[in-house]
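Engineer: Right, I'll just put the structure down here and ask away after.
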Amino acid sequence: MDGCAEMIEQEMRAGLRAFFKVPYLLEQGMNCLEEKLRETLLFGRMTVLHYRGFGGTGKDIYRAAAAVELMILSLDIIDDLQDKDNQNSVWCRLSPEIALNIALGMLTLSQHMLVSGNFPLERANAAAGLMSEQVLAAINGQTVDLLNDIESEEAYLEMVRQKSAGLLAAACLIGTLLAGGEVLEEVRAYAEELGIAAQMKNDIRDLLNWDNKNDFWNRKKTLPTLHLLQSITGEQRWIADYFEGRLQLADVAHCREEIERILEQSGTLLYSSVRMRTHYYNYLDLVGRLGLASEWKEQILAMAD
């Protein structure tokens, strides 16, 4: 997997240069891309890893992995424009109209890059269809997230499966599909477990991050905040009042230390951490059952670090 990220980066840049014809669109699209490239490109690397692990050869997979990453970036941009909780990003500093155009361009480009590569047409079309289905699932999940009316852990998990966990599974499945022509359900199963664990980790972080994107201040329904709301005592009903809109941020902004104490006493942080680790251990167990050589299993497991 040496040089994998660099090859994916090259394909992403080449895609934008080929199809973003308006100079300003290309310039700002590249700026958005450069911010994305500060990350680990987990989704694209997972696509390449599963392609190689399941017998795929050649360099065409980097174009497909770039398509996956462009799809992820486009959805990230759209999510941030809708959620308004990541104002420091390059795309949120652009006018919403331009940022949305960049996102739509990248999303369309991701499909084009999948179907215009050198893979057998049947596999390329199947991969593009899989990506389209997952984007539609993510749109449904994002709508549930935006409505913020999740009332149970089951509804929360379904939303996560539609969004982040499903997107990670799609990245892995596109790799296996291009390699062998099959959508492998055992791969979907462990990828979803890893995606759920990662989302829960993010939710715990966003509950404790008081400076930016705090889920308590934003009244966001996640696994930790659902547990908190179910655990509060009578004298803590002001928390439910805040989440239900009967109190405003100015009414509770001075309560940070008390909120931290309640999070600890209610077992919210411990419960959320245990649930996160449970899904992570499920991931380890399911990967261990794969009929792959140990070197590929080790690399797949290493992606969770």
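We did not get these values from a lab; they are worked out from the coordinates using the rules stated. These numbers were taken from a predicted model, which means no experiment stands behind them. When we count neighbours, we look across all protein chains shown, and the Cβ atoms used for this are built from the backbone with ideal geometry, even at glycine.
Engineer: Can you sort L109, L270 from fewest to most other Cβ atoms within 10 Å of each residue's own Cβ?
Structural biologist: L270, L109
Engineer: May I ask you to give the average projected area over all directions of the convex hull of the Cα atoms of the stretch 184-305, in nm² rounded to one decimal?
Structural biologist: Result: a mean projected hull area of 8.7 nm².
Engineer: Let me ask another. Give the order of T108, T222 when sorted by the count of other beta carbons within 10 angstrom, beginning with the fewest.
Structural biologist: T108, T222
Engineer: What ³J(HN,Hα) values, in whole Hz, does the Karplus curve 6.51 cos²θ - 1.76 cosθ + 1.60 give for the stretch 278-292 when θ = phi - 60°, with x put for Gly and Pro?
Structural biologist: Those phi angles translate into 4, 5, 5, 5, 4, 4, 4, 5, 5, 5, x, 7, 5, x, 10 Hz.
Engineer: If I build a Gaussian network model for the chain, linking alpha-carbon pairs within less than 10 angstrom, which residue out of Q248, Q111, Q142 has the largest mean-square fluctuation?
Structural biologist: Among Q248, Q111, Q142, the largest GNM mean-square fluctuation belongs to Q248.
Engineer: Continuing with this model, one more query. Convex hull volume of the Cα atoms in the stretch 1-107, per residue, in Å³?
Structural biologist: Cα convex hull per residue, to the nearest whole number: 91 Å³.
Engineer: Right, another one. Could you give the angle, 0 to 90 degrees to the nearest 10, between helix 42-53's Cα long axis and the longest principal axis of the Cα atoms of the chain?
Structural biologist: 50
Engineer: Then there's this: Which entry in (1) 79, 45, 30; (2) 64, 49, 29; (3) 85, 48, 33 matches Cα extents along the principal axes in Å derived from the coordinates of this structure?
Structural biologist: The value computed from this structure is option (2).
Engineer: Mind ranking 6-16, 114-124 by how tightly packed they are, going by the mean number of other C-beta atoms within 10 angstrom, highest first?
Structural biologist: By packing density, highest mean first, the sequence is 6-16, 114-124.
Engineer: Nearest 10 degrees is fine. How inclined is helix 256-265 to the longest principal axis of the chain, computing both from alpha carbons?
Structural biologist: It is inclined by approximately 80 degrees.
Engineer: Counting other C-beta atoms within 10 Å, which of I139, I72 has the fewest, and how do the rest follow?
Structural biologist: Ascending number of Cβ neighbours within 10 Å: I139, I72.
Engineer: Also, I was wondering about something else. For the Cα atoms of the chain, what angle does the longest principal axis make with the long axis of helix 185-208, in degrees from 0 to 90, nearest 10?
Structural biologist: Computed tilt is about 40 degrees.
Engineer: Number of Lys-Lys pairs in the chain under 25 Å by Cα, sequence gap 8 or more or different chains?
Structural biologist: Eligible lysine pairs with Cα atoms under 25 Å apart amount to 23.
Engineer: Suppose R0 equals 51 Å. What FRET efficiency, 1/(1 + (r/R0)^6) with r the Cβ-Cβ distance, do N118 and S231 give to the nearest 0.05?
Structural biologist: So, using R0 = 51 Å, E works out to roughly 0.40.
Engineer: Determine ³J(HN,Hα), in whole Hz, for all residues of the stretch 117-133 in sequence, where each value follows from phi through the Karplus function 6.51 cos²θ - 1.76 cosθ + 1.60 and θ = phi - 60°; x replaces Gly and Pro.
Structural biologist: Running phi through 6.51 cos²θ - 1.76 cosθ + 1.60 with θ = phi - 60° gives x, 9, 6, x, 4, 4, 6, 4, 5, 5, 5, 5, x, 4, 4, 4, 4 Hz.
Engineer: To the nearest 0.05, how large is the calculated FRET efficiency for T40 and L270 if R₀ is 35 Å and r is the Cβ-Cβ distance?
Structural biologist: 0.80
Engineer: Specify whether the C-alpha gyration tensor of the stretch 186-254 places it in the rounded, prolate or oblate class, a ≥ b ≥ c being the square roots of the eigenvalues: rounded for a/c under 1.5, otherwise prolate if a/b is larger than b/c and oblate if not.
Structural biologist: Prolate shape, in that a/c is at least 1.5 and a/b is the bigger ratio.
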